[in-house]
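Just below is one structure, and these are the notes that go with it.
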Amino acid sequence: MAIDRITKKIMEDAEAEAKEILAKADNEIETVKADTAKTVTEIEGKAREEAAKEAEQQKRRIVSRAQAEMRKELLAEKQNLIDESFRKAFASLAELNAEKYSALMKKLFLQSVEEGDEEVILASHDKGIDWSGLLSDVNRQLSAQNRKGALALSGETREMAGGFVLRKGRKEINCDLKLIVESMREAMEFEVANILWGERAS
């Protein structure tokens with residue numbers, strides 16, 4: 001019958017249209033899946049790249065801190081060695097026998113005296129050398145240099161590591177051995193560092 005054919009035609013057309021709609025839907029779903037997978041891949045790639053950059057930066061920070069700490073420790077060790085060098089230098093002076101100590105004091109007098117008639121103040125704990133004889137010898141040498149040869153021992157003593165103080169009026173020249181070594185350190189620290197490591201201290 002005509003009605004049956006029409007009905008069949010409608011059903012066939014509906015099925016065809018439904019299949020087409022489903023096919024389009026499937027294609028769209030696949031496209032969305034592909035786009036999503038591409039986006040996920042891109043996100044993952046960027047995340048890995050950022051993680052690698054952060055890891056490299058962190059590595060550089062760690063290495064930089066370690067190097068800074070090593071430099072700090074090296075400088076501290078160098079400073080300790082310099083300190084020890086000057087401590088030993090001072091100890092060597094303190095351990096000089098009377099003859100060598102007298103020779104050192106004579107040289108120090110001749111370098112430090114300004115006019116030649118200063119008062120000489122000794123350390124309260126000294127080596128017990130013949131200061132009178134030493135000053136007589138120094139005074140003779142000062143006179144030979146056309147300077148006043150009139151250094152005189154004071155009845156006063158000072159708490160010093162060794163050496164002496166020259167006094168005239170209110171003016172004093174402090175030749176305490178400890179102070180002399182400290183002043184030498186200021187002038188010689190770079191040279192000592194160069195001797196210890198073959199380089200300039202920095």
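Do we have Gly116 as farther than 12 Å from Asp176 by Cα, part of a helix (DSSP H, G or I) and in contact with a Ser or Thr (Cβ under 9 Å, 6 or more places away or on another chain) here?
no
Which of the residues spanning segment 91-108 are in contact with a helix residue (DSSP H, G or I) (Cβ under 9 Å, 6 or more places away or on another chain) and either under 15 Å from Asp126 (Cα atoms) or free of Cβ contacts under 8 Å to residues at least 60 places away in the same chain (or both)?
Leu93, Ala94, Leu96, Tyr101, Ser102, Leu104, Met105, Lys106 - these are the residues of segment 91-108 that are in contact with a helix residue (DSSP H, G or I) (Cβ under 9 Å, 6 or more places away or on another chain) and either under 15 Å from Asp126 (Cα atoms) or free of Cβ contacts under 8 Å to residues at least 60 places away in the same chain (or both).
Using beta carbons and a limit of 6 Å, which pairs, at least six apart or on different chains, have the first residue in segment 110-128 and at positive phi and outside the structural domain of Leu142 (by TED's automatic domain parsing) and the second one among the aliphatic types (A, V, I, L, M) and at pLDDT below 95?
none
Let me spell it out: the conditions are (1) touching a strand residue (DSSP E or B) at 6+ places or on another chain (Cβ under 9 Å); (2) within 28 Å of Glu186 (Cβ to Cβ); (3) without any contact (Cβ under 8 Å) to a residue 40 or more places away in the chain; (4) not charged (D, E, K, R), and Trp131 meets all of them except one. Which number is the exception?
(2)
State whether the residues of segment 138-145 include one that is of a type in the set (D, E, K, R), assigned to a helix (DSSP H, G or I) and over 45 Å from the mean Cα position of the chain (by Cα).
Yes - at least one qualifying residue is present in segment 138-145.
Mind checking which residues of segment 151-171 are surrounded by 14 or more Cβ atoms within 10 Å (Cβ to Cβ) and either on the phi > 0 side of the Ramachandran plot or free of Cβ contacts under 8 Å to residues at least 12 places away in the same chain (or both)?
Within segment 151-171, Gly162, Gly163 meet the criteria.
If you go through segment 143-179 one residue at a time, how many are over 17 Å from Leu104 (Cβ atoms) and not acidic (Asp, Glu)?
Within segment 143-179, residues that are over 17 Å from Leu104 (Cβ atoms) and not acidic (Asp, Glu) number 19.
The values are calculated or read from the model by the stated rules, or taken from the named source; none is laboratory data. Just so you know, these numbers come straight off a predicted model, no measurement behind them. FYI the Cβ positions are ideal-geometry reconstructions off the backbone, even for glycines, and counts take in every protein chain you see.
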